[in-house]
1. Express in nm, to one decimal, how much length is gained between residue 351 and residue 330 on full extension, taking 0.36 nm for each residue of separation and deducting their alpha carbon distance.
2. Take residue 307 and residue 399, extend 7 Å from each Cα along the Cα→Cβ direction, and tell me the distance between the two endpoints in nm.
3. If we count every other residue with Cβ under 10 angstrom of residue 458's Cβ, Lys/Arg +1 and Asp/Glu -1, where does the sum land?
4. How much length would be gained if the chain were fully extended between residue 426 and residue 121, taking 0.36 nm per residue of separation minus their Cα-Cα distance, in nm to one decimal?
5. How many angstrom separate the Cα center of region 428-496 from the Cα center of region 258-301?
6. Tell me, what is a quarter of the convex hull surface for the C-alpha atoms of region 29-179, in nm² with one decimal?
7. Order of 471-484, 207-220 by packing, highest average Cβ count within 10 Å first?
8. Near the amide H of residue 115, under 5 Å away, which other amide H atoms are found, from residues 5 or more places off or on another chain, if H is placed in the peptide plane?
Amino acid sequence: MEKNRYFLLLITLFLTVIVFGCTSRTNNTAGEDSRFPVQETTITDIHAAMRDGNLTASELVNIYLDRIKKYDQPTKLNSLIVINPDAIKTAGELDEEFQRTGKLRPLHGIPIIVKDNYETFDMQTTAGSEALLGFIPPDDACQVRKLREAGAIILAKSNMGEWAFSPHYTLSSSAGMTLNPYDLHHVPAGSSGGTAAAIAANLGTAGLGTDTGNSIRGPSSHCCLVGFRPTMGLTSRDGIIPLYLRNDIGGPMTRTVEDAARILDVIAGYDPADPITQKSDGRIPDSYTRFLDKNGLKGARIGVFRLFTDRPSTDPQVAALFEKAISDMKTLGAKIVDPFVIPDFGRLTKNLWCDTFRHDLNSYLASLGKKAPFKNLTDIYNKGLFGIINKRRIYRALEVPLSDHPICKDLYTEPKNIIFREAVLKVMEDLEVDVIIYPTWSNPPRKLGDLKSPAGDNSQLIPPHTGFPAITVPMGFTYKKLPAGLQIVGKLFGEPMLIRIAYAYEQATRHRHPPKKFN
């Protein structure tokens, strides 16, 4: 009898464990499944969930932190340099504010990833250089400050090409090489490749990059993102460690045109610390989201700039995607002006680049006063604090004579830039063209270590030297998995037209999809 009772007790305990275990596993699974799906989410999605009581900023930050822990280092994506230690605390404060006021700020609780050449008062800013490891700036860059004021959470700082030099890959002496999330054997271009890889892999909601000649648009194209280089003077460069200040500009890197417009609403505008932004006065709409028009291509006149794609080195699959994009735009009601030719383009673009790095970096370091980690570029060079790749570039920069003024004026006053801008604008006006289009890159992302195959970077000439704005949007995939981008270039402060056209194309084609490895 005693044995039977003991046997029944064991059976009962066994069944209890089984049932409890199954129930526990079921509940855990349900808990995981019920977490807010951040893959491909948008600012609008997040705010709708917050208003409905289905999401808090704290929950959102924790979901992204889990994804970063799971995907960034274990896969060697290496997109991020540092995580904000106060991100969870900031999220809690924003949750309390929303609970108390019932109001959401424009970017309330939105986790943003910022390129590591933007100053952040609470995290190191290295510009991709070991020389600045551990450097904590005295305050935020203007654009970062505006993001925080709008309720955004600066989740992390992203890896970048050292001093923002390379358009072809993202390699820093502070954090190493960033890989392309669509194929880890390929590069994400540079120098904002860390932001691009992180946003493409859904490690944050949106990001900021900087663009001197390519560095927002190239990585966005290589990572199937929307990348926006604004008009020179629309967004402040204050607090961004410079490469060539006369060409540098900061802007959004996002998964959708709508999110780019929402970020632009926050970061655009006059900043007394960057006098060139005075040109934006009276030229900024109440909101760029007003131009999110699915029918935005109807009646738009599109100039097809074929100079870049007519080169023998253009990849045939990129060329085919470009032709399909032209056809799609025509189907959506656009008037196609093909070809769009800029007379004397070679002569007009000759010797437009001007190496102001030494002057600009020295001026930046001087502005930090006693908090500057180094006095000047010579000081950094003499201590051997530079990447092997950039030793030659820095040495060359040191050969530029020192002066109180840069050797070239800004884009609005330098004669060569004025002549080039007016030449492009004249053709646009003569042909009544609203925007110009071409592939952002004429070739797919290169494999790691490949510096010999055609690069295909088409971003180095028109917007950087005219000051015109440009946006790149996903155009499709080559070789089944490697993204390609369509670049759309507008006139000065023509962001509304760019948003109209890019949004209409994006909504009709839906080329963006996340990298499979990071689902």
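Values quoted throughout were computed directly from the atomic coordinates according to the rules given, and no laboratory measurement underlies them. Please read all numbers here as calculations on a predicted model, not as lab measurements. Positions of Cβ are backbone-derived with ideal geometry, glycine not excepted, and every protein chain shown enters the neighbour counts.
1. 4.0 nm
2. 2.7 nm
3. Result for the neighbourhood of residue 458: +1.
4. 105.4 nm
5. Region 428-496 and region 258-301 have Cα centres separated by 20 Å.
6. 9.8 nm²
7. By packing density, highest mean first, the sequence is 207-220, 471-484.
8. Placed amide hydrogens put 158, 208 under 5 Å from residue 115.
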